[in-house]
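In what follows, a single structure is set out as structure tokens and then discussed.
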Amino acid sequence: MKRKRCRLWWPKHINSSLSSANELNLIFGWFISSTEDDFTNLDIVVAFACHESNSQINLQAILDETNRNMHTPLHDKHTFSLLGFYLSGSECNGSTRQVGIGKHTHSYSTHLRVCLCGSENTHKILSETSMCLCCRYNQLLEHNRMTSVGSNRWLQLEMSYIEQRVSKELVTPELHHIHWNGATLSQLDVHVIVYDVPKFGCHYYSLGSDCETKQLSTSSKRPMWVEDLHKSSSTLDLEAVFLAINSVNAANILLERHLAPQALANQCRIICKILTFSWQLLAILVASFWTLCYVILQFFYKLFSFISLLWVYNNITAKAFCNTFQNIQIRCSQFMYWPVFLQNDGLRAQPCVEYAEKAALQRHSMWSTILVDLFLGNLLGTVLWFHAESVYFWVSSFSDGVTNYVLRTGCVWLMENPAGFKLNTDLAGILGMISLNAIQIWSTLWFFISDLFVHFIKLLALSGIIFGFTTPASMIIDVISLATIHISALHWLISLIYSQQIEAIASLWRLFRGKKCNPLRQRLDSYEYTVEQHVVGSLLFTPLLLLLPTTSAFYMFFTILITTFSFICFIMVVIVSVIHATPYNKILLWLLKKGRFPSGMWIEIISCSCNHSPKVKSIGGFASSSHELKGSNDDTESTTLVSSIHNNFQTLATIVFPHYICLFLAISRSSSASSAHGILTGKSIPSSIGITLPSMLPWMAMPYRDYWCLCYKAVHNCKSDCTCHRRQ
């Protein structure tokens, strides 16, 4: 018959809370199995231990409250219950053993015995060598055992001190027997996994499907049944196991609330009142300030809504400063919606540390982005405000240099023989004069509006201080597009001539080959042209082909210029998108506490022992030793593997990269190929880069009093519960 196996998840904090001799301690946790009556793959998650003196309180009420507060998937499938008990002192027959595999041997001595058994009749006394402690303490435990799962599951363990290589003792349980649905099971292969209790702000456990499991090199070799147990992942409910482990601290806090001394509770109540009053005062101040900001935003929104009804604003200003208005709307919506994002997500997600951590990161991600954006915007705004004239002189000199030494000199150079190429003088003169006239007109306009540029720089600084760095950056993008509108117009005109010339030459080339373009089927069909068509085609093909170098020279010149300015705007858009997409709160927490970003786990094997003990059988519901049965004098050997679980942690790249995926999606091979094809054929260069910004939320139209209440509740809910008895 195949031996029964199970995993026992044991918290480390029980090691430091062991009682003195001859004291009984109750242990609580979860029985997790694939089916209700299946013992093939059993996980026993131990949460904490409670002294027997606390058994007089209503444990059933505590267990019911704990189960109600657990996360829904865990509450629906598995029940938090009383697992059993352990006893310390002389009752445990302390005997020293040597266990280990290979060169490394670990010594431990048995000091404690833990019993988890659930048969309804455990009054029969076993032999002294394998006595079941359920019968000795039956009267004390009978009431508490009924709070276990169906009162027919109970567990007895023996506690062992294991001397580790780091010269530190580790207390781990050794399974004595289990009473499971009327049957007593003693000879089990047990994998004891010691874990640190997850706590909010410290660490938690995650399966990490995308990461590799790392095994610490050790001389202890795992038994084959451990490998078989972990291979049967289809029937194991590891998600429920780690969900239970991540909820251990919440269950422990609920128990300690009922066990806290009255004096400590009164002291905590006074401190809580002081903290609550201070937090309420802070919530009132914050709510009043943001309500005033909300009133100002609503006033300007109604003002611009009235101005937008004008045709000039709607068709010119809105299109010229589209990036600026978009970022201002995003920032205003973030300013108004912050109390909505800070609302509590509900109590059912809080007991699990994993879900609480993820909810907190999501809830505070927008605030971190706003703070960093405002910090960068204030730096930029302060520099621009106090150095507005210096920035104005630098921009003026730069624009004069581009106009005189790039545009005018380049057009004059193209009107001659650039780089030794013989261009058509008449066509080059016409295109050059058109370009010089457009440049002169724009230079004249710049001369009249240049005095207002100092005020624009101060407006840029003020927008950075109020709305953050992304708003002046978007405004710079719009100003660059507006300042180079004459270059864009010349590029559009020459690209139109160039593209029409390329299409005419291609059509005439198909005429000479006897081909005709079929746009419906998107292919070339054979076609017989007349002699007159060939003569006209020959007369048109020659001048178009000879004028192509002149048109190409001007087209390449203005294409290089407009591509350069478009690349500058592209860099600015990428910077704005990176500022919006970067998870600053995750980066800061990763630098301070990597434990809050687990990515899979690895197991360190501590010891492996083979226990030679008498078999315990269940006869008619009574626990009995096999030595009492006639003809049953053989002992059975069971294996206990003790290991410790550790977390792998995410790297900074794995945390940040998912937030930057949208930035790289805009740049693909197809988009690059289409852009290159458009440049070569004279098509227009794509103006929209395609990088996504945060979605604009609908404008909030809420009464001022309701918005104040919303802000007050958001700040008030951020205050964590004042539990002075919580263990940090």
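What follows is calculated from the coordinates using simple rules that are stated; it is not laboratory data. It should be emphasised that the depicted structure is a prediction, and the values quoted were computed from it without experimental measurement. For neighbour counting, all protein chains shown are included, and Cβ atoms are generated from backbone atoms with ideal geometry for every residue, glycine included.
Structure data summary
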{"read-out": "Proximal charge balance of HIS534 [Cβ under 15 Å; K/R count +1, D/E count -1]", "value": "+2"}
{"read-out": "Net length gained if the chain between PHE570 and ASP525 were fully extended (0.36 nm per residue, minus Cα distance)", "value": "12.0 nm"}
{"read-out": "Per-pair calculated FRET efficiency, R0 = 35 Å: ILE587 and LEU697 via Cβ, rounded to 0.05", "value": "0.90"}
{"read-out": "Cleavage-rule hits (trypsin sites (Lys or Arg not before Pro)) in segment 486-574: DSSP loop, at most 10 neighbouring Cβ within 10 angstrom", "value": "ARG521"}
{"read-out": "Debye intensity ratio in log₁₀ form over the Cα atoms of segment 279-410, taken at each q of 0.16, 0.18, 0.21, 0.22 Å⁻¹", "value": "-1.12, -1.22, -1.29, -1.30"}
{"read-out": "At R0 = 25 Å, FRET efficiency that the Cβ-Cβ distance of HIS258 and GLN343 yields, to 0.05", "value": "0.30"}
{"read-out": "Given LYS4/LYS199; LYS515/LYS683; LYS4/LYS594, the pairs whose alpha carbons are separated by over 30 Å", "value": "LYS4/LYS199; LYS4/LYS594"}
{"read-out": "Residues ALA61 and LEU462, FRET efficiency given R0 of 60 Å [Cβ-Cβ distance, rounded to 0.05]", "value": "0.50"}
{"read-out": "HN-Hα J in Hz across segment 568-579 - Karplus 6.51, -1.76, 1.60, θ = phi - 60°, x for Gly and Pro", "value": "4, 5, 4, 4, 5, 5, 5, 4, 4, 5, 5, 5"}
{"read-out": "32 Å Cα-Cα threshold exceeded, pairs from LYS12/LYS358; LYS273/LYS302; LYS458/LYS593; LYS12/LYS713", "value": "LYS273/LYS302; LYS458/LYS593; LYS12/LYS713"}
{"read-out": "Gain on full stretching of the segment that runs from LEU544 to ILE274 - 0.36 nm per residue minus C-alpha separation", "value": "88.4 nm"}
{"read-out": "Overall dimensions of segment 489-584 by Cα: Rg and Dmax, Å", "value": "21.0, 73"}
{"read-out": "Equivalent ellipsoid, segment 408-501 (semi-axes from 5 times Cα gyration tensor eigenvalues, Å)", "value": "36, 15, 11"}
{"read-out": "Linear extension gain, LEU285 paired with PHE304, 0.36 nm per residue minus alpha-carbon span", "value": "3.9 nm"}
